[in-house]
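Beneath this line is the structure, given in structure tokens, with notes to follow.
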């Protein structure tokens, strides 16, 4: 039997969020309290799984074993303390201190998971399970050559972000019963929303990933411009590489247009949920604009948005959060310098592929 969470557990969850994510520490508290608790918990669980995936010192075998252990812990079929001890023992010495604190306190986080509403807990367990399976599928294929094509990039983005969009949709629809007749379409849009955010992160982090011998860009997009991803060098990649990059920026912008559609379908009487989506969407758009203006950037810091622009985005989207008309206008203004490639939904579901795999 799982023990009930303590006040210390609840305080820890709120506090550690600020240590592991500047962005989500801003957006998650905008949600109504019952959603803030569930979504904050889900984010921390995903962050633990992400730490397993990203650690450079863990072998594929150890990552797969730890991922299986973690899924069992979330499903109340494993020992959180034993899992955290095993993971901490194997982590790189360069792991940030706040991430270590989070992993060392896995039991605190999962006690809250098991205390959530059944609908919330079920959505979170399914999300993290799919994420763990998907991440491990890709661990054996990491290389500097990139992913095969756009379809493979779509699948990767689904595993690491699309599943989060699906989870949030289930949680939002449970909280807002008036969304029930729109749920299927929202689920499709949510996968696109997640891909837009993930593609933005991939584009921003191209050179950081390259330093550790990893590339998540689609080879075929760049081969169309006679560019081999394994040979590109920061600042020396040339115009042809930039053309491929701009194609991906346009596609990511198309996904973010679907993210706006998702957000505008949320009830206007739920400004907190809308702000949660709008702030993430706005910051992603600003990042794409910076990448598009400076496609020859050499590091993520060159396309990082300033605090001034973050503040402006928060202010504008918060003020207009109830107005679909003005939010559409704001999106058009924000993306006026971008080429936007339309992305049609329904997007191909790959849930069956995930469910057929073993971690």
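The values are calculated or read from the model by the stated rules, or taken from the named source; none is laboratory data. This is a predicted model, so every value here is computed, not measured. For neighbour counting, all protein chains shown are included, and Cβ atoms are generated from backbone atoms with ideal geometry for every residue, glycine included.
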Within region 208-219, identify whether any single residue is more than 23 Å from residue 293 (Cβ to Cβ), touching a helix residue (DSSP H, G or I) at 6+ places or on another chain (Cβ under 7 Å), in the same structural domain as residue 170 (by TED's automatic domain parsing) and surrounded by 15 or more Cβ atoms within 10 Å (Cβ to Cβ), and answer yes or no.
yes
How do the pairs read when you match residues in region 163-180 that are outside the structural domain of residue 258 (by TED's automatic domain parsing) with residues anywhere that are buried (at least 20 other Cβ atoms within 10 Å of the Cβ) and modelled with pLDDT of 95 or more, using Cβ under 6 Å and keeping only pairs 6 or more apart or on different chains?
none
Report, by residue number, each residue of region 64-80 that is surrounded by 15 or more Cβ atoms within 10 Å (Cβ to Cβ) and touching a residue at least 40 places away in the same chain (Cβ under 8 Å).
64, 67, 68, 70, 71, 74, 75
May I ask you to list the residues in region 290-302 that are under 21 Å from residue 161 (Cα atoms) and at pLDDT 95 or above?
291
Selected residue [surrounded by fewer than 21 Cβ atoms within 10 Å (Cβ to Cβ), farther than 30 Å from residue 173 by Cβ, free of Cβ contacts under 8 Å to residues at least 24 places away in the same chain and not assigned by TED's automatic domain parsing to the domain that holds residue 272] from 61, 99, 36
61
Is it fair to say residue 56 is under 23 Å from residue 208 (Cβ atoms) and out of contact with any helix residue (DSSP H, G or I) (no Cβ under 7 Å at 6 or more places or on another chain)?
yes
Within region 1-39, the count of residues that are under 24 Å from residue 78 (Cβ atoms) and in contact with a helix residue (DSSP H, G or I) (Cβ under 8 Å, 6 or more places away or on another chain) comes to 16
In region 81-96, residues that are surrounded by 16 or more Cβ atoms within 10 Å (Cβ to Cβ) and either more than 19 Å from residue 65 (Cα to Cα) or in contact (Cβ under 8 Å) with a residue 60 or more places away in the chain (or both) total 1
State whether one or more residues within region 274-286 are farther than 25 Å from residue 175 by Cβ and either crowded, with 17+ Cβ neighbours inside 10 Å or out of contact with any helix residue (DSSP H, G or I) (no Cβ under 7 Å at 6 or more places or on another chain) (or both).
yes
Does residue 27 meet the test of being in a helix (DSSP H, G or I) and surrounded by fewer than 19 Cβ atoms within 10 Å (Cβ to Cβ)?
no
Under the condition of being surrounded by fewer than 20 Cβ atoms within 10 Å (Cβ to Cβ) and without any contact (Cβ under 8 Å) to a residue 60 or more places away in the chain, which residue from region 250-272 is farthest from residue 292 (Cα to Cα)?
269
Hits in region 49-58 - residues which are within 15 Å of residue 138 (Cα to Cα) and in contact (Cβ under 8 Å) with a residue 24 or more places away in the chain:
49, 50, 51, 52, 53, 55, 56, 58
For region 293-324, the count of residues that are closer than 24 Å to residue 267 by Cα and assigned to a loop (DSSP other than H, G, I, E, B) equals 4
